1. Under a point spin-label approximation (7 Å from Cα along Cα-to-Cβ), what is the residue 25-residue 118 distance to one decimal in nm?
2. Take the alpha carbon gyration tensor of the range 210-318, find the square roots of its eigenvalues, order them as a ≥ b ≥ c, and report rounded if a/c is under 1.5; if not, report prolate when a/b exceeds b/c, else oblate.
3. Considering only C-alpha atoms, what is the centroid distance from the range 143-195 to the range 240-306, in Å?
4. By accessible area of protein heavy atoms, probe 1.4 Å, what ranking do 218, 121, 225 get, highest first?
5. What is the helix-to-structure angle for 168-181, meaning the angle in degrees between its Cα long axis and the longest Cα principal axis of the chain, kept from 0 to 90 and rounded to the nearest 10?
6. Work out, step by step, the length gained on full extension between residue 311 and residue 106: first 0.36 nm times the residue separation, then minus their alpha carbon distance; give nm to one decimal.
7. With a 1.4 Å probe and all protein chains left in place, how much accessible area per residue does the range 133-272 have, in Å²?
8. What is the angle, in °, between the Cα long axis of helix 199-211 and the longest principal axis of the Cα atoms in the chain? Nearest 10 is fine, range 0 to 90.
Amino acid sequence: MIKLIARRTLLAAALSLPAFGALAAPLVMGFSQVGAESEWRTANTASIKAAAKEAGITLKFADAQQKQENQVKAIRSFIAQKVDVIAFSPVVESGWDTVLKEAKTAGIPVILTDRAVKVADPSLYVTFIGSDFVEEGRKAARWLLERAAKTPGAALNIVELQGTVGSAPAIDRKKGFEEVIKTNPKLQIIRSQSGEFTRAKGKEVMESFLKQRDKKIDVLYAHNDDMAIGAIQAIEEAGLKPGQDIVIISIDGVRGAFEAMKAGKLNVTVECNPLLGPQLMQLAKDVVAKKPVEKRITVNEGVFPAEVAAKELPNRKY
Ligand code: GYE
C-alpha cells in the first residue's frame with residue numbers, strides 16, 4: 001500500500017512538471033556580433049561566451065566583421081536553424097525591419113544587445129539591454145565644461161573622432177556631447193570625422209587633423225578608447241604631448257585607457273560596460289519562458305579621470 005502511494009505521488013509529481021522535457025533541452029541562442037574592432041568588443045564577446053557556458057545555453061556565435069549584410073545573413077541562418085532566441089548587437093541603427101519581421105513570423109524572440117535599432121514597429125524586438133550612449137556623451141562634455149571653467153581664457157578648439165557611421169553609439173555620443181558643450185560658446189568642434197572605432201583609423205584621421213594647420217587643436221573627443229589610443233600615437237609622432245598639449249577625452253574605460261591615463265597621455269575616460277553576458281543570458285531565459293521583461297535595460301557606469309587611474313587599474317575587469 002505504502003509503496004503504491006509512493007509510486008503514485010512520484011508519478012503525480014512528474015506529471016505536474018509539464019515543462020520537464022523542455023527544461024532538460026538546453027536553450028539555443030543565435031548571437032550576431034558586430035566584429036572585433038575594439039578592446040571593448042573583445043571583452044563583450046568574451047563575456048557573452050563565458051556567460052552562455054555558465055548558464056548552460058548553447059551559443060551559435062557569428063562575427064559580422066562590421067558589415068550589416070553579414071548580420072542579416074547570420075540572423076536568417078539562425079531563423080532557418082530554429083534557434084530559441086536571437087540576440088545581436090546591430091552595427092548600424094537602420095535597415096532592420098525586414099529581417100526582424102522574418103524572425104517575428106518564425107516566432108523567434110529577438111533581444112538587442114549593446115546597440116539599439118530604429119524600426120517602425122518596436123514589437124519587432126522584445127527588449128534592449130545596453131548603455132545610455134547619449135548620457136555618456138553628456139558625461140564626457142560635462143568633464144570638459146568643468147575643466148574649462150577652471151581655466152578661463154581663450155576658446156577651446158575641439159576635434160572629434162566619431163565611431164562607425166550610422167551606429168547608435170556614434171550618433172548618440174555626438175548628440176549628448178554637443179548638447180552640453182553648447183552651453184559654453186568657448187567650446188567649438190572644429191573638425192569631426194569617423195575613425196570607425198579602431199586604433200588604426202583613429203590614428204590615420206588624427207594625422208590628417210594635425211596636418212591641417214589653420215587652427216590649433218586644444219581638445220580631442222574620441223567616441224572610444226581605441227581611437228584615442230591610435231590618436232595618441234599620431235600626436236606623439238607630430239612632436240606634441242598627448243594629455244598636455246592636447247587634452248584627450250574618450251569613452252569605454254578599457255584597460256588600455258587606464259594605462260594611457262597612468263602614463264599621463266589620456267585625461268579622462270567615461271565608462272561603458274561591455275560585460276553584458278550574465279544579464280543577457282538571464283534575460284534570454286526569461287524571454288523564452290515568456291516572463292515579462294523591461295523593454296529597455298540600462299547599465300550603471302562611472303567617469304574615471306587620470307588622477308584615479310593608478311588606483312583603479314587593478315580593479316578593472318576589462
Ligand atoms: O564603445 C566601441 C565599440 O557599441 C558600445 O562599440 C559599443 C561600442 C564601443 O567598438 O569601442
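The values are calculated or read from the model by the stated rules, or taken from the named source; none is laboratory data. The shown structure was predicted, so the numbers you read here are calculated from the model rather than taken from an experiment. Cβ coordinates were reconstructed from backbone atoms using ideal geometry, including for glycine residues, and neighbour counts include every protein chain displayed. These accessible areas exclude ligands, DNA and RNA; they are computed on the full protein's heavy atoms, side chains included. Shrake-Rupley method; radii C 1.70, N 1.55, O 1.52, S 1.80 Å.
1. For residue 25 paired with residue 118, the spin-label model returns 3.9 nm.
2. Cα axes put the range 210-318 in the prolate bin.
3. Each part reduced to its Cα centre gives a spacing of 19 Å.
4. Working: 218 25, 121 60, 225 0 Å².
In descending accessible area the options line up as 121, 218, 225.
5. 40
6. Working: separation 205, 0.36 × 205 = 73.80 nm, distance 5.04 nm.
Between residue 311 and residue 106, full extension yields an extra 68.8 nm.
7. Numbers: 5680 Å² over 140 residues.
On a per-residue basis, the range 133-272 sits at 41 Å².
8. So the helix axis and the longest Cα principal axis differ by about 20 degrees.
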